[in-house]
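Contents: one structure, followed by commentary.
The values are calculated or read from the model by the stated rules, or taken from the named source; none is laboratory data. Given the structure is predicted, the values throughout are model-derived calculations rather than measurements. Positions of Cβ are generated from backbone atoms using ideal geometry, with glycine treated the same way; all protein chains shown enter the neighbour counts. SASA here: full protein model, heavy atoms, side chains in, ligands and nucleic acids out. Shrake-Rupley method; radii C 1.70, N 1.55, O 1.52, S 1.80 Å.
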Amino acid sequence: MEPSSAATVSAGPGLQPAPADLLRRLRARGAGDPVTHVERVPARAGVPAPWPPWAPPELRAAFARRGVVAPWQHQAEAASLAYDGGHVVVATGTASGKSLAYQLPALATLLADPRATVLYLAPTKALAADQLRAVAALELEGVRPACYDGDTPRAEREWIRKHSRFVLTNPDMLHHGILPGHAQWSGFLRRLAYVVIDECHTYRGVFGSHVAHVLRRLRRQCARFGATPVFVLASATSGDPSTAAGRLTGLPVTAITEDASPRGGVTFALWEPPLLPADSGSISPVPPQPTGDHDDLRQVRRSALRETADLLADTVAEGVRTLAFVRSRKGAEVVAANARRALDDAVPGLGGRVAAYRGGYLREERRELERALLHGDLLGLASTNALELGVDLVGLDAVLICGYPGTRASLWQQAGRAGRSGQEALAVLVARDDPLDTYLVHHPEAIFGAPVEATVLDPANPYVLAPQLACAAVEAPLTPADLALFGDGAKEAIDQLVEAGALRQRPTGWYWRHRERPEVDLRGEGGAPVAVVESATGRLLGTVDGGSSHFLLHPGAVYLHQGVSYVVDELDLADGCALVHIEEPDWSTHARDVTDLSVVSVRSYVDAGPVGMFLGEVDVTSQVVSYQRRRIATGEVIDTRPLDLPTRELRTVAVWFTLSPQSLTAAGVQAADVPGALHAAEHAAIGLLPLMATCDRWDIGGLSTALHPDTEAPTVFVYDGHPGGAGFAERAYGTASAWLRATRDAIAECGCETGCPSCVQSPKCGNGNNPLSKPDAIRVLDVVLANLPA
Ligand SMILES: [Zn+2]
Ligand SMILES: [Zn+2]
């Protein structure tokens, strides 16, 4: 965002133990050593570069007034590539100054060519507003930057279309407003020199696939007016940014990934809470359940929340300014309360120096919080990542991250909060009881080595392509020349639209037949989105896509919205709305479904002797049948409650593997244990897929069976939970051996005996995690890996 600048905080009062000493004291506290890895991330001096020769003095002076004396190497390199007409994506860390990389070529061009225009796209209005402030602050003559979004008053819109040369908007506005009104925008589009796509890693999955086609529609309109703009993209650190940006824009994109901005040194520890003894009294026994599953025999780890609370208490006792990131607001409160209690037990009154931060504070309250932390009145703060939005904290000595936040980008963003100017800081990732967290604390190379997760999207998804082609046809009739632009599957999608009576084929192309435009929601995913409404006030809190609504909005579900907790009273599927009331119970809810699956077609496969690996279309029938309530503080299961929801059909993309029964017998898996072996492998494989692609396990479903009628073999299916697929299964197929190797290692390295939530148990299993066989799952995966080409 902002060009990186040096931290401004002077060392405050209190002790300042060296991170290594502090860590030594923290880990010496319990019986075993919970630390699985310590990484020293060295301080890095920035590598400045000279201003590119084409950057006009006027622009250099404007940046200098904002405190940017010279660009960093990566900024200069990306800017020059773009200025020379190449499409480029800058994928570097937080606060590495990505904005300068696109502002420099875009603004230099606006200054050199008084007619040229720039279109900037951000995923949120808030980010666009931030960028508007940054560009406006440069006070460049004749640029007239302006935001154009749903909040822009009608009266200003025409002025912006006619006079602004730097328009900041979002993909939704481009889709709903600018492209349908291209005639009014023709002057702007004709002169369009640059399209800037900020935070482009947020365009993933089905939403990303829609945005990819909105950009193709933009390119098509520009081409009609004779413009071929250069695309400059900014991304968080991610795997293979060049491919992801290429898929998003449909253009060849060069990636700049070498971060040349300066950063402070961090000692980064990976922390795994200990397994509790099987007969531990600290966890209440799980009540017997109707499904007769074996949850009551499971071994559990000490909860990450409790562990984080203890660490917070210990660091605060040392006088270390510490921020703990916790996923939910309730969780943040539990951490703060436990830390306060522990501190007050040790030194009465010390607990008062720990607080919980909940999203939604007023601006003045946030500033007060910042002040208290800066002056040392407050030493410890537990927060959800809502803190990323609007609180400016500097001068922290330590950051505790309770549970892997889902992506390396967020992990580094949170860890990046630690470190005062010129001083070393400590970051600790505390693993939750979950296969991915467990894998990561035992495989530091997956965190500190090369980036592993890629942003995936699938523009060929027919459920996205067809409605997008309909929108394109309204904007201008489609011609055979457009087929290449919209890519694989475009011709088939057009034929279907013709057949359905939406398009008419004429000698000059395909025409939209209706009076109204098609209604296409970029964020909707096939099923109509469900509105979440607060009953008492009638206020619309947000929408949930139809596909997830049964999971997230069933009656009794605890629904989190911007860190605030609501409980669902009623899910009205006919009206597409869920009525909720504000409430913060001590439990979270976890829905369970039952699934049936049939293979529709095979897109690609690998025949590896006794093992087959497939990618193809499948029909999934599923029904959410019950939900569990679990205590937030301990993870203890309170009860399982039945639900009465209809079944749903989903045509999607799946990856699946089969094994011959003989190979399983030869590997020592008894016939009776095959279902438990496959089921356990399926759970762990789903848990580890986020390592390969930026999805979470709620985006993915699975099914395993000792004999599937379509494959006629023992089979494990993993499918995209979105109609038409979102690219996750495809990515899994493309990285199958690495993905299943990580899955195998995660299971084998887990210290439990019979399987636990850290390895083969799943929080969303429809069969109550029964049957599961941990040792046989390893045998199954060994057979697959031994036969599958790397
Ligand atoms: Zn385990
Ligand atoms: Zn299951």
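Could you please give the count of residues in region 312-327 that are touching a Leu at 6+ places or on another chain (Cβ under 7 Å), open to solvent by 30 Å² or more (accessible area, probe 1.4 Å) and in a loop (DSSP other than H, G, I, E, B)? Of the residues in region 312-327, 1 are touching a Leu at 6+ places or on another chain (Cβ under 7 Å), open to solvent by 30 Å² or more (accessible area, probe 1.4 Å) and in a loop (DSSP other than H, G, I, E, B). When Gly755 is tested against (1) farther than 29 Å from Arg651 by Cα; (2) in contact (Cβ under 8 Å) with a residue 24 or more places away in the chain; (3) more than 12 Å from ligand 2 (Cβ to nearest atom), just one condition goes unmet, and that condition is (3).
Residue under question is Thr634, and the condition is that it be surrounded by 18 or more Cβ atoms within 10 Å (Cβ to Cβ) and β-branched (Val, Ile, Thr); does it hold? No.
Name the single residue, out of those in region 766-778 being assigned to a helix (DSSP H, G or I) and surrounded by 20 or more Cβ atoms within 10 Å (Cβ to Cβ), that is farthest from ligand 1 (Cβ to nearest atom).
Taking region 766-778 as the starting set, the residues that turn out to be assigned to a helix (DSSP H, G or I) are 774-778.
Narrowing further to those that are surrounded by 20 or more Cβ atoms within 10 Å (Cβ to Cβ): 774, 776-778.
On the way: Lys774: 7, Asp776: 14, Ala777: 11, Ile778: 11 Å.
Ranking the qualifying residues of region 766-778, first place goes to Asp776.
I'm trying to understand the selection: among the residues of region 222-250, which are open to solvent by less than 30 Å² (accessible area, probe 1.4 Å), of a type in the set (A, V, I, L, M, F, W, C) and outside any helix (DSSP H, G or I)? Ala227, Val230, Phe231, Val232, Leu233, Ala234, Ala236 - these are the residues of region 222-250 that are open to solvent by less than 30 Å² (accessible area, probe 1.4 Å), of a type in the set (A, V, I, L, M, F, W, C) and outside any helix (DSSP H, G or I). So if I check each of Arg219, Arg165, Arg191, Arg161, which one is out of contact with any His (no Cβ under 6 Å at 6 or more places or on another chain), at pLDDT 95 or above and open to solvent by less than 20 Å² (accessible area, probe 1.4 Å)? One residue alone meets the criteria, Arg165. Screening region 644-702 for residues that are within 16 Å of ligand 1 (Cβ to nearest atom) and hydrophobic (A, V, I, L, M, F, W, C) and picking the one that is nearest to Ala460 (Cα to Cα) gives Ile686. Total residues in region 637-678 satisfying the condition of being open to solvent by 50 Å² or more (accessible area, probe 1.4 Å) and more than 16 Å from ligand 2 (Cβ to nearest atom): the figure is 15. Residues to consider are Ala62, Ala106; find the one that is in contact (Cβ under 8 Å) with a residue 12 or more places away in the chain and either surrounded by fewer than 17 Cβ atoms within 10 Å (Cβ to Cβ) or within 25 Å of Ala244 (Cβ to Cβ) (or both). Being in contact (Cβ under 8 Å) with a residue 12 or more places away in the chain and either surrounded by fewer than 17 Cβ atoms within 10 Å (Cβ to Cβ) or within 25 Å of Ala244 (Cβ to Cβ) (or both) holds for just one of Ala62, Ala106, which is Ala106.
Can you say whether Asp782 is open to solvent by 40 Å² or more (accessible area, probe 1.4 Å), more than 13 Å from ligand 1 (Cβ to nearest atom), within 28 Å of Ala666 (Cα to Cα) and part of a helix (DSSP H, G or I), as far as the supplied structure shows? Step through it out loud before you land on a result.
Details: open to solvent by 40 Å² or more (accessible area, probe 1.4 Å): yes; more than 13 Å from ligand 1 (Cβ to nearest atom): yes; within 28 Å of Ala666 (Cα to Cα): yes; part of a helix (DSSP H, G or I): yes.
When the stated conditions are applied, Asp782 passes them.
Do we find a residue being more than 21 Å from Asp437 (Cβ to Cβ), surrounded by 23 or more Cβ atoms within 10 Å (Cβ to Cβ) and either aliphatic (A, V, I, L, M) or more than 12 Å from ligand 2 (Cβ to nearest atom) (or both) anywhere in region 679-702? Looking through region 679-702, none of the residues is more than 21 Å from Asp437 (Cβ to Cβ), surrounded by 23 or more Cβ atoms within 10 Å (Cβ to Cβ) and either aliphatic (A, V, I, L, M) or more than 12 Å from ligand 2 (Cβ to nearest atom) (or both).
Does Ala713 fit the bill of being under 24 Å from the mean Cα position of the chain (by Cα) and either open to solvent by 40 Å² or more (accessible area, probe 1.4 Å) or touching a residue at least 60 places away in the same chain (Cβ under 8 Å) (or both)?
Values: under 24 Å from the mean Cα position of the chain (by Cα): no; either open to solvent by 40 Å² or more (accessible area, probe 1.4 Å) or touching a residue at least 60 places away in the same chain (Cβ under 8 Å) (or both): yes.
No.
Sub-8 Å Cβ pairs linking a first residue in region 17-32 that is open to solvent by less than 70 Å² (accessible area, probe 1.4 Å) to a second residue that is at pLDDT 85 or above and part of a helix (DSSP H, G or I), at least 6 apart or interchain, are Pro17/Arg25; Leu22/Thr315; Leu26/Leu311; Leu26/Asp314; Leu26/Thr315, ordered by first then second residue.
With the structure loaded, tell me whether Ser758 is within 16 Å of ligand 1 (Cβ to nearest atom), under 20 Å from Thr595 (Cβ atoms) and hydroxyl-bearing (Ser, Thr, Tyr) or whether it fails that test. Break it down stepwise before answering.
Values: within 16 Å of ligand 1 (Cβ to nearest atom): yes; under 20 Å from Thr595 (Cβ atoms): no; hydroxyl-bearing (Ser, Thr, Tyr): yes.
Against the criterion (within 16 Å of ligand 1 (Cβ to nearest atom), under 20 Å from Thr595 (Cβ atoms) and hydroxyl-bearing (Ser, Thr, Tyr)), Ser758 does not qualify.
Here Ala106 meets the list (1) at pLDDT below 95; (2) outside any loop (DSSP other than H, G, I, E, B) almost entirely, failing just condition (1).
Counting only residues that are within 20 Å of Ala677 (Cα to Cα), within 16 Å of ligand 2 (Cβ to nearest atom) and open to solvent by 10 Å² or more (accessible area, probe 1.4 Å), region 719-752 holds 1 of them.
Out of Val602, Val637, Val580, report the one residue that is closer than 30 Å to Asp776 by Cβ and in contact (Cβ under 8 Å) with a residue 24 or more places away in the chain. Break it down stepwise before answering.
On the way: Val602 fails: in contact (Cβ under 8 Å) with a residue 24 or more places away in the chain; Val580 fails: closer than 30 Å to Asp776 by Cβ.
Matching residue, one of Val602, Val637, Val580: Val637.
So, Ser209, is that one assigned to a helix (DSSP H, G or I) and in contact with an Asp or Glu (Cβ under 7 Å, 6 or more places away or on another chain) or not?
Criteria met by Ser209.
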